[in-house]
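J.: Just passing along the structure, written as structure tokens.
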Amino acid sequence: MVQLSSGILGFAMVLVVFPVVGVAEAVEDKATTQDRKRIEGTWTVAALTTNGGKAKKQDLEKLRVINDGDGNWTLLSEDKMISKGTSTLDPRKKPKAIDFTVTEGEGTGKQYRGIYKIGKKNRRMCFAPSEQDRPNEFRSKPGSNHILVVYERLASAANETPKDISASEQ
């Protein structure tokens with residue numbers, strides 16, 4: 001398996017967290033179901049910024065995220081599993097909110113809080129460890145401990161997305 005720099009690898013494992021899992025107490029609504037369908041599929045990591053530092057393209061090219069429709073996700077590096085987990089979404093918040101937990105592999109037990117936007121062929125999220133406040137903008141400044149990620153849907157998975165969202169919904 002290819003070795004990524006420790007900072008990038010640590011944060012890369014949480015990149016996958018973009019699908020949604022309904023918790024027992026949560027009521028799944030139409031917006032949540034719609035976002036789950038938009039997230040489902042296989043994604044590449046197009047850009048990653050951690051504490052203001054950008055990841056190298058050659059590191060990003062190795063990463064894939066597979067999001068299941070039930071909210072489970074898997075992060076792969078060169079087709080080998082790095083970590084797995086679950087997440088919950090709240091599309092009613094502004095900006096839309098995501099929480100996720102690593103349940104297997106590197107970072108098991110770690111939790112994160114973030115925000116997200118979804119398009120037809122890309123999505124973006126910004127998140128921080130759960131002991132910090134949820135980010136309120138899509139930025140990763142030095143010292144913030146915020147991770148900003150841009151994903152692109154793999155071309156072979158493009159037909160898995162139901163429809164694009166309008167700019168006003170992003």
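J.: So how do 140-146, 36-42 stack up, highest first, on mean other-Cβ count within 10 Å?
T.: The densest-packed peptide leads the list: 36-42, 140-146.
J.: What full-extension length gain, to one decimal in nm, is calculated for Glu152 and Thr108 as 0.36 nm per residue of separation minus the Cα-Cα distance?
T.: Extra length available between Glu152 and Thr108 comes to 13.3 nm.
J.: Let me ask something else. Sticking with the crude label model, points 7 Å out along Cα→Cβ, report the distance from Lys37 to Ser144 in nm, one decimal please.
T.: Inter-label distance under the simple model: 3.3 nm.
J.: When Rg is the radius of gyration of the Cα atoms in the stretch 87-150 and Rh is its Kirkwood radius, what does Rg/Rh come to?
T.: 0.97
J.: Next question. Can you send over the solvent-accessible area of Asp70, 1.4 Å probe, protein chains only, in Å² to the nearest 10?
T.: Rounded to the nearest 10, that gives 80 Å².
J.: Averaged per residue, what accessible area in Å² does the stretch 27-82 show with a 1.4 Å probe, protein chains only?
T.: 48
The values are calculated or read from the model by the stated rules, or taken from the named source; none is laboratory data. Owing to the predicted nature of the structure, the values given are computational and were not obtained by experimental measurement. Here the Cβ is made from the backbone with ideal geometry for all residues, glycine too, and neighbour counts use every protein chain on show. The protein model used for the area step is the full one, side chains on, heavy atoms only, and it has no ligands, DNA or RNA in it. Shrake-Rupley method; radii C 1.70, N 1.55, O 1.52, S 1.80 Å.
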